[in-house]
Amino acid sequence: MARRSLSANLLHFLSVFALFHTLALSKTLKRDVKALNEIKSSLGWRVVYAWVGDDPCGGDGLQPWSGVTCSTQGDYRVVTELEVYAVSIVGPFPTAVTNLLDLTRLDFHNNKLTGPIPPQIGRLKRLKILNLRWNKLQDSIPPEIGELKSLTHLYLSFNNFKGEIPRELANLPELRYLYLQENRFIGRIPAELGTLQNLRHLDVGNNHLVGTIRELIRIEGCFPALRNLYLNNNYLTGGVPAQLANLTNLEILHLSSNKMTGVIPVGLAHIPKLTYLYLDHNQFTGRIPEAFYRHPFLKEMYIEGSSFKPGVNPIGMHKVFEVSDADFVV
């Protein structure tokens, strides 16, 4: 038994040694070295102090640059993750990033980046997570973002993006989380987003969007995996269509502070896992069906600021939303 354990430990040691030996001998792809050094020059002193040496993947006794993750592919090392956040980077989005063709994760959140996302972003075919929230990015989202076929998480919230939400986002088959809130988007929410089979979370709150929910869910079988739908603080009109009950995985429905009218359909109370329902500050009328008050999972239902008949009561206690980084764990 002891011999077997010794052999296993020896085998593990040799495999780890071989891995480190391979990493030590591998050279970082020149393309990635050049790109990271260009990024280093553009980002300024706040990252320069932590980025020591010419090779972002390390070597000659130096560690990889802070926030840079590399992996070995054949005889070379390539950069697969770049995370430079909450260091008050000022300036335009560094276009050289789009030369890191093996990136799977790019995180520049909570900085002061300005200007547009360059259309070259579409080159990052392996990117799974793109996190640019809490910057000062501007202009329209480039349609080339729809070329990121591996993308699962897209965080563009808390910026100054304008124009319409691009329909090309519906070309991202793996997309699960889409955060677009707190920007300056106009126009209608593309109904094509409903064709995303894996989309679980859609947040377009606090923009200047118009249209109706009926238009958003007009595609048959839309939003099959959607759990959280945030449409709050826009200029949506019309009523709550009964067909919304077809989104059977819905847990959070946030419609606060729009210009919606009509009565609340009883079918909404039959969404099995509905937990949070925000109807406040619209122009809804009538009564809340009794089925909502018997719902086994509904914890909170906000109704203030509408024109419901007397006797309609909220469910749960009103709390002010406080957004923190914990809300964006990926």
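The values are calculated or read from the model by the stated rules, or taken from the named source; none is laboratory data. None of the values given here were measured: they were computed from a predicted structure. Here Cβ is always computed from backbone atoms with ideal geometry, including for glycine, and neighbour counts include all displayed protein chains. These accessible areas exclude ligands, DNA and RNA; they are computed on the full protein's heavy atoms, side chains included. Shrake-Rupley method; radii C 1.70, N 1.55, O 1.52, S 1.80 Å.
Couple of notes before you dig in:
- Residue among 176, 200, 227, 188 that is more than 16 Å from the chain's Cα centre (by Cα) and open to solvent by 60 Å² or more (accessible area, probe 1.4 Å): 188
- Residue that is within 30 Å of the chain's Cα centre (by Cα) and either modelled with pLDDT of 70 or more or within 24 Å of residue 87 (Cβ to Cβ) (or both), where the choices are 26, 66: 66
- Condition met for residue 140 (assigned to a loop (DSSP other than H, G, I, E, B), open to solvent by 40 Å² or more (accessible area, probe 1.4 Å), closer than 24 Å to residue 210 by Cα and in contact (Cβ under 8 Å) with a residue 24 or more places away in the chain): yes
- Whichever residue in segment 101-128 is of a type in the set (D, E, K, R) and in a loop (DSSP other than H, G, I, E, B) and, among such residues, is least open to solvent (accessible area, probe 1.4 Å): 102
- Index of the failed condition, residue 236 passing every other in (1) under 23 Å from the mean Cα position of the chain (by Cα); (2) closer than 20 Å to residue 288 by Cα: (2)
- Candidates 73, 120: the one that is out of contact with any helix residue (DSSP H, G or I) (no Cβ under 8 Å at 6 or more places or on another chain) and of a type in the set (S, T, N, Q) is 73.
- Any chance residue 38 is charged (D, E, K, R), open to solvent by 30 Å² or more (accessible area, probe 1.4 Å) and either under 28 Å from residue 174 (Cα atoms) or in contact with a strand residue (DSSP E or B) (Cβ under 8 Å, 6 or more places away or on another chain) (or both): no
- Tally of residues being among the polar types (S, T, N, Q) and not in a loop (DSSP other than H, G, I, E, B) across segment 190-241: 2
- Filtered residues of segment 279-306 (kept if open to solvent by less than 40 Å² (accessible area, probe 1.4 Å), out of contact with any Asp or Glu (no Cβ under 8 Å at 6 or more places or on another chain) and either within 22 Å of residue 205 (Cα to Cα) or not in a strand (DSSP E or B) (or both)): 279, 282, 284, 288, 289, 291, 292, 295, 298, 300, 301
- For residue 303, the requirement of being in contact with a Pro (Cβ under 7 Å, 6 or more places away or on another chain) and at pLDDT below 95 is met.
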